[in-house]
Amino acid sequence: MKLWGGRFTKQTNQLVDEYTASIHFDKKLVQYDIQGSLAHVEMLKVCGIISGEDAATIAEGLKSVAIKVEHGEAELLEEHEDIHMNVEKLLIEEVGPVGGKLHTGRSRNDQVALDMRLYLRDALVEISELLMDVQKSLYKQAQNNLDTVLPGYTHLQRAQPVLFAHHMMAYVFMFQRDVDRLFDSYKRVNKSPLGAGALAGTTFPIDRHLVAEKLHFDGICENSLDAVSDRDFVVEFLSNASLISMHLSRLCEELVQWSSAEFNFIELDDAFSTGSSMMPQKKNPDVAELVRGKTGRVYGHLIGMLTTLKGLPLAYNKDMQEDKEGMFDTVETLRGALALFAPMIETMHVKKETMYQAVSKDFSNATDLADYLVGKGMPFRESHAVVGQVVLHCIEHDKFLLDLSIEDFQEFSELVEVDIFEILSPEAVVNARDVAGGTAKVRVEEQLKMVERLFEKNREWIISHTDSGILN
């Protein structure tokens, strides 16, 4: 007989049991389920709903179950459907019928919502820390490459030279937005649904705020219907995870390009590369490629969750069992990608000379020639046309701007003087972008100092939101 089987006259079909069971994936919630149950039973005692003796017996039983599950000494069975029923069954086996009092004043509907919030709360802190590690690896590369000049691209065409440090810092700030989003979402995860019951609350005189306090929540979900049916916090996490994955994928795309013979700007460490089973010369950026590939997997979980929720009436529906696997898989996918990414970036070899040769043999300094003419009084639109003619002349004669003589320049405009050769050097072009957020070395150094302060604020947030857990 199932724990809920009192009004049924026959056993459920075995195929139904197999199809509806969730224990094969929601077993990830076991310690959170027990954590929530410990807080719940303490509240039942304080409110006089069960005796202190019964509460102590149940609490000790729950702690024993937690240890046995952790050590593989207790089996979680499909016939008990989900993690909640499995824990309750194990508890009753441990302490006898008194274990059946644990479920007083709650439902699996508010219980699962609680477990998921506890799980995701920890996941947000962990993923934020891993993201911060990636930021720090990018920051270190920036620090080490303050004089390394890289071709900057638009449309994947050479545009203007930038410092490699500037390029790395672009991703630091990109990932900081991700960190900020995770931090902000935490407050919407960190509310307790327990006590909402199946949908309408409970007739027992429970204290929801006491449970929330014991579990280190900021407060409770204010409406019982919303408490059990809300999965916005899962959607928000999957959305934030999709942005993180997209940002990782963009960087992966550049790593794959830069490590090719055609670019040859970087070399990834052997520890983060693989070879070919047929071609012995190959060194493949497989980690970057796979992180890029798994982005679609994360996107899929977001769309799947939105689709599951879009037609559901209040309150709980069995469809919502689909909320967990995508969330779990997304956490695992991000955890794996971010853990690999930080050391891969930190050990990446930057080929400074190759990058410099690239910016010395292109027209990415053409805008500076146009700006130079503007500084001499020529309207920009006219200077743009003049420089376009100079570039065409160079292409036709297989030259670059710095290959021209002063006489060549003056054929197009007498405003050009000999100082143009210094102005058009890669270093001068970079350092001419001396505006807030620009690629000039002094501005990149400002960015480095700025993120040092951001890192400190991030670390303070992590420390203040790391929960030791009720089981400890």
Next item on the list: Please tell me if residue 422 is over 29 Å from residue 174 (Cβ atoms), at pLDDT 95 or above and outside any loop (DSSP other than H, G, I, E, B).
Entry: yes
Next item on the list: Determine which member of the set 381, 459 is touching a residue at least 60 places away in the same chain (Cβ under 8 Å), outside the structural domain of residue 181 (by TED's automatic domain parsing) and exposed (fewer than 13 other Cβ atoms within 10 Å of the Cβ).
Entry: 459
Checklist line | Residue list for segment 289-305, restricted to those being under 28 Å from residue 359 (Cβ atoms) and either outside any helix (DSSP H, G or I) or without any contact (Cβ under 8 Å) to a residue 40 or more places away in the chain (or both) | finding: 289
Next item on the list: Within segment 408-424, work out how many residues are of a type in the set (D, E, K, R) and over 52 Å from the mean Cα position of the chain (by Cα).
Entry: 3
Notebook entry, point to check: Can you list the helices (runs of 4 or more DSSP H) found entirely within segment 1-76 that contain at least 1 residues being crowded, with 18+ Cβ neighbours inside 10 Å and at pLDDT 95 or above?
Noted result: 30-46, 52-70
Next item on the list: Tell me, please, whether a residue that is of a type in the set (Asp, Glu), under 27 Å from the mean Cα position of the chain (by Cα) and either in a helix (DSSP H, G or I) or not assigned by TED's automatic domain parsing to the domain that holds residue 338 (or both) can be found in segment 84-100.
Entry: no
Checklist line | Candidates 314, 334, filtered to the one that is outside any helix (DSSP H, G or I) and within 19 Å of residue 233 (Cα to Cα) | finding: 314
Checklist line | Residue match in segment 273-288 (condition: assigned to a helix (DSSP H, G or I), under 30 Å from residue 121 (Cα atoms) and touching a helix residue (DSSP H, G or I) at 6+ places or on another chain (Cβ under 9 Å)) | finding: yes
Next item on the list: Could you grab me the full set of residues in segment 401-423 that are under 25 Å from residue 434 (Cα atoms) and in contact (Cβ under 8 Å) with a residue 24 or more places away in the chain?
Entry: 401, 402, 415, 416, 420, 423
Checklist line | Exclusive hit being under 23 Å from residue 343 (Cβ atoms) and in contact with a Lys or Arg (Cβ under 7 Å, 6 or more places away or on another chain), set 124, 138, 146 | finding: 146
Check: Of all the residues that make up segment 394-409, how many are assigned to a helix (DSSP H, G or I), surrounded by 15 or more Cβ atoms within 10 Å (Cβ to Cβ) and not charged (D, E, K, R)?
Finding: 3
Margin query: Considering only segment 130-140, I want to know if a residue exists there that is within 30 Å of residue 425 (Cβ to Cβ), surrounded by 17 or more Cβ atoms within 10 Å (Cβ to Cβ) and assigned by TED's automatic domain parsing to the domain that holds residue 341.
Written below: yes
Margin query: Conditions first: (1) crowded, with 16+ Cβ neighbours inside 10 Å; (2) farther than 30 Å from residue 179 by Cβ; (3) modelled with pLDDT of 95 or more. Residue 115 passes all but one, so which condition is the exception?
Written below: (2)
Next item on the list: Say whether the condition of being touching a Phe, Trp or Tyr at 6+ places or on another chain (Cβ under 8 Å) and closer than 30 Å to residue 182 by Cβ is met by at least one residue in segment 412-422.
Entry: no
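The values are calculated or read from the model by the stated rules, or taken from the named source; none is laboratory data. If you're wondering where the values come from, they're calculated on a predicted model, not measured in any experiment. FYI the Cβ positions are ideal-geometry reconstructions off the backbone, even for glycines, and counts take in every protein chain you see.
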